[in-house]
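Novice: After the structure tokens below, expect a handful of questions from me.
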Amino acid sequence: MPRELSEYHRQVASTNRASILDAATPLFLEFGYDRTSLARVAERAGVSKATLFKQFPTKAALFEAAVLAVGDAPDAALVEPVTSDFRAGLVELGLAYTELLARPGIAEFIRTIIAESPRFPELRERTFDFGTLPVLAALDRYLRAQTVAGAAAVDDPMLVATQFLGMIASSVFWPRLVHGTWSLDDEGTRTAVEEAATTIAARFATQSTRSHRTAKVGSDRRAAPKLDAEGNP
């Protein structure tokens, strides 16, 4: 009986914590840190202030938990590429990165963290992590594997991975962070990723990889049927 009761209490505590974070997140985004009161959070979450304080003793603790909850990127969402085409693998990982950056609340919370950075310097240091670390680690592994396979020649995989994601973020994410309502459509996002992948491949793909890709493109062009003026084969 005590074990069952303990499990019940853990479930209740977990449910209350989730409800509090769900209530606090939009309030922090709408009103900022200073104008968000714990009383308002408790009311919106449907819990007592005593219950809130059991989970989060201070507003700072609640704010940090809300930020980290938004920033935690699920590793399961990232499927590493299985391909012999160096550039295609980069595109696949780049698109996965844009999906993580597009998660609700990421840009808004980073904007809030920047505003509150003097008060929460440790969160400022983690801003880069949001949506980046899982893809960065996957890129590092991918670049190492491609180098071992002879498809690429990358001496510093982590540096190249950081540069690749930086090129994508500068086109897809940072303008949205600054301008708020700015965004790229799916085609624009894919173009940005493909351009970044082309740049990295041009610099680091081995000659054999480039020759194989050139031959494949030429083969595809020869295989394409010739069309008449009306678009008929």
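Novice: 5 Å is the cut-off here: which amide hydrogens, built 1.01 Å from N in the peptide plane, fall below it relative to A152, excluding neighbours closer than 5 in sequence?
Specialist: Excluding prolines and chain starts, which carry no amide H, the hits are T147, T206.
Novice: To continue, here is another question. Starting from the eigenvalues of the Cα gyration tensor, five times each then square-rooted, give me the equivalent ellipsoid semi-axes of the stretch 1-56, largest first, whole Å.
Specialist: Largest first, the stretch 1-56 gives 27, 10, 7 Å.
Novice: While we're on this one: Sort the stretch 5-113 into rounded, prolate or oblate with this rule: let a ≥ b ≥ c be the square roots of the eigenvalues of the Cα gyration tensor; rounded if a/c is under 1.5, and if a/c is not under 1.5, prolate when a/b is larger than b/c, oblate otherwise.
Specialist: Working: a/c = 4.06, a/b = 1.90, b/c = 2.14.
Judged from the Cα gyration tensor, the stretch 5-113 comes out oblate (a/c at least 1.5, b/c at or above a/b).
Novice: Quick check on the stretch 86-204: take the gyration tensor over C-alpha atoms, sort the square-rooted eigenvalues as a ≥ b ≥ c, and tell me if it's rounded (a/c under 1.5), prolate or oblate.
Specialist: Details: a/c = 2.72, a/b = 1.59, b/c = 1.72.
Cα axes put the stretch 86-204 in the oblate bin.
Novice: Sticking with this one: Could you work out how much longer the chain between R44 and R10 gets when fully extended? Use 0.36 nm per residue separation minus the Cα distance between them, nm to one decimal. It would help to have the intermediate numbers written out before the result.
Specialist: Values: separation 34, 0.36 × 34 = 12.24 nm, distance 2.16 nm.
Length gained between R44 and R10: 10.1 nm.
Novice: Going by average Cβ density within 10 Å per residue, which order do the peptides 115-121, 15-21 take, highest to lowest? Write out the running numbers ahead of the final one.
Specialist: On the way: 115-121: 12.9, 15-21: 17.7.
Going from most to least packed, we get 15-21, 115-121.
Each reported figure results from applying straightforward, stated rules to the coordinates on display, with no laboratory input. In this text, all values refer to a predicted model and were calculated from it rather than measured experimentally. Cβ atoms come from the backbone with ideal geometry, glycine included; neighbour counts cover every protein chain shown.
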